[in-house]
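S.K.: The structure follows.
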Amino acid sequence: MGTSFFDWVHIKDKKIVKRALAQVIGRSDGRGGTRTVECRLAHEAFGWRHSEVTVTSLLHDPGIRGLVINARGVTEHVMLERKLRRQALHDGLTHLANRSLFKDRVEHALSRTQRHGTMIAVLFIDSTTSRRSTTVSVMRPATASLQGWPRA
């Protein structure tokens, strides 16, 4: 008791949570409403945890006259999504962008060069014809050295 709900919300997520609360409270029909947002909430033992928070206005209900906030942890789900997204866009052997991500990044860089009148350079190494042992022994160190290079 005595703690604001916003003390538990990550600073970068407070804006979306406040917007959801304002939408729920600000309904013109006076009947309240419900909004669900994803945000990070503080956890005493585990730090910041991704959560799905549902805010329901029961201000119109004489027995409650308040907001009901339900939260459920979705950290594992968020981490799995990130892992799957990374696997979908990166080569498992070299950890470099796969063709799909490469194409997207090149298109983005080209459109930026047209807007700003600049130039780009692209280094393309096709390892599909190499033997696996050669690819592993050559590409992993090469990949590591390229990690610090500027990217589009």
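S.K.: If you plug each phi of the stretch 39-48 into the Karplus form 6.51 cos²θ - 1.76 cosθ + 1.60 with θ = phi - 60°, what whole-Hz ³J(HN,Hα) values come out, in order, with x for Gly and Pro?
M.R.: Once θ is set to phi - 60°, the couplings for the stretch 39-48 become 8, 9, 10, 6, 10, 4, 9, 10, x, 7 Hz.
S.K.: Amide H neighbours of Val74 under 5 Å, at least 5 residues apart or on other chains, H built in the peptide plane: list them.
M.R.: Residues meeting the amide H criterion: His50, Ser51, Glu52.
S.K.: Under 5 Å between amide hydrogens, which residues at least 5 positions from Leu59 or on another chain qualify, with H placed 1.01 Å from N in the peptide plane?
M.R.: Answer set, sorted by chain and number: Gly66.
S.K.: If you don't mind, another one. Tell me which residues come under 5 Å, amide H to amide H, from Leu96 once H is placed; ignore anything under 5 positions away on its chain.
M.R.: Hits under the 5 Å cutoff: Asp91.
A short reminder: the numbers here are calculations on the coordinates, not readings from a lab. Bear in mind the structure is a predicted one, so any value in this text is a computation, not a measurement.
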